[in-house]
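First up is the structure itself, then whatever we jot down about it.
The values are calculated or read from the model by the stated rules, or taken from the named source; none is laboratory data. Because the structure is a prediction, the values reported are computed rather than measured. Cβ: placed from backbone, ideal geometry, glycine included. Neighbour counts: every protein chain shown.
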Amino acid sequence: MTDDRAPDLAVGITSGVVGGAVSLTPAGPLGGAAAAAVVDAGVRAVMRGLSRRFSQRSGHVLALAAKRARLAPQELQERLAQIPGGEELLIRTLMAAASVAAEDKLVALSLALARTATEGTETEVTFESQFVAAVSDLGQPTGECFRASG
């Protein structure tokens, strides 16, 4: 399965589970089909909204980095692509930005790209890759959160 079909599969599974559960209630199969259609539309709307926000965050980080490096976004991308490991750093940073909502983290991620584009060394790529991973991990749940108190 290709990655571009994964969201459709997730929506289908979710609406199918809900529809199947509702069909076992007094609403019956017709109620289950109606519930599945409503869930399908709702889940698709949520996914579109999230996808839009992910794109906005990534674009915001790229724009901030370009401004900080005093480059056009396309120039920033081209410069990073010329540095060994730079393009991978760009991809990882934009993926991290998509999953982060806090503005301070987005700014920190943009600085990693700007510094790498202006320094242009493999050493900088290594450092900034670790920095991006750390920023991305900040605030992520750990095993401690899920332990039962007692």
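For Glu75, indicate whether it is at pLDDT 90 or above and loosely packed, with under 15 Cβ neighbours inside 10 Å. Spell out the reasoning first.
Values: at pLDDT 90 or above: yes; loosely packed, with under 15 Cβ neighbours inside 10 Å: yes.
The answer is yes for Glu75.
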Consider segment 95-134. How many of its residues are closer than 14 Å to Ala66 by Cβ and modelled with pLDDT of 90 or more? 12
Of all residues in segment 91-102, count the ones that are more than 13 Å from Arg53 (Cα to Cα) and free of Cβ contacts under 8 Å to residues at least 40 places away in the same chain. 2
Residues of segment 103-121 satisfying the condition of being of a type in the set (S, T, N, Q) and in contact (Cβ under 8 Å) with a residue 40 or more places away in the chain: Ser110, Thr118
